[in-house]
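Inspection log for the structure reproduced underneath, given as structure tokens.
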Amino acid sequence: MFNLFASFAEFEREMISERTKAGLAHARKYGRKGGRKPGISKEGKIKAWAALKRARDSDTPIAQIQKELGLSKATYYRYLQWAEGEEKKKLISE
């Protein structure tokens, strides 16, 4: 009985794998690819520079800056980290 259930499970796993591969091939055929988009969007970069400027130039609470820019806490700090890294790259290259 155990062997019978194991056979069905193995067969189902193979079917899932085949369907997944077929779906990915179909998506590639129409020019789509999976995964996250790389990096920060143009709009995100603008918000990142604005967040960095506001954080340095004023005593505005972080929560207010996040609300004004429409960012979550995690996104705010990720954008700050990106902007500071870009700033360092510019300083090094000059």
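The values are calculated or read from the model by the stated rules, or taken from the named source; none is laboratory data. If you're wondering where the values come from, they're calculated on a predicted model, not measured in any experiment. In this analysis, Cβ positions are derived from the backbone assuming ideal geometry, glycine residues included, and neighbour counts consider all displayed protein chains. Surface accessibility is based on the protein's heavy atoms, side chains included, excluding ligands, DNA and RNA. Shrake-Rupley method; radii C 1.70, N 1.55, O 1.52, S 1.80 Å.
Just one of the listed residues (Lys47, Lys37) is under 23 Å from the mean Cα position of the chain (by Cα) and free of Cβ contacts under 8 Å to residues at least 12 places away in the same chain, and it is Lys37. Checking each residue in region 36-67 for being more than 17 Å from Gly85 (Cα to Cα) and part of a helix (DSSP H, G or I) picks out Glu43, Asp57, Ile62, Ala63, Gln64, Ile65, Gln66, Lys67. Identify, from the list Met15, Met1, the residue that is of a type in the set (A, V, I, L, M) and open to solvent by less than 70 Å² (accessible area, probe 1.4 Å). Every option except Met15 fails the conditions.
In region 81-94, how many residues are open to solvent by less than 90 Å² (accessible area, probe 1.4 Å) and either polar (S, T, N, Q) or touching a helix residue (DSSP H, G or I) at 6+ places or on another chain (Cβ under 6 Å) (or both)? Count: 2. With the structure loaded, tell me whether Thr75 is surrounded by 10 or more Cβ atoms within 10 Å (Cβ to Cβ) and part of a loop (DSSP other than H, G, I, E, B) or whether it fails that test. For Thr75, the condition - surrounded by 10 or more Cβ atoms within 10 Å (Cβ to Cβ) and part of a loop (DSSP other than H, G, I, E, B) - is not met.
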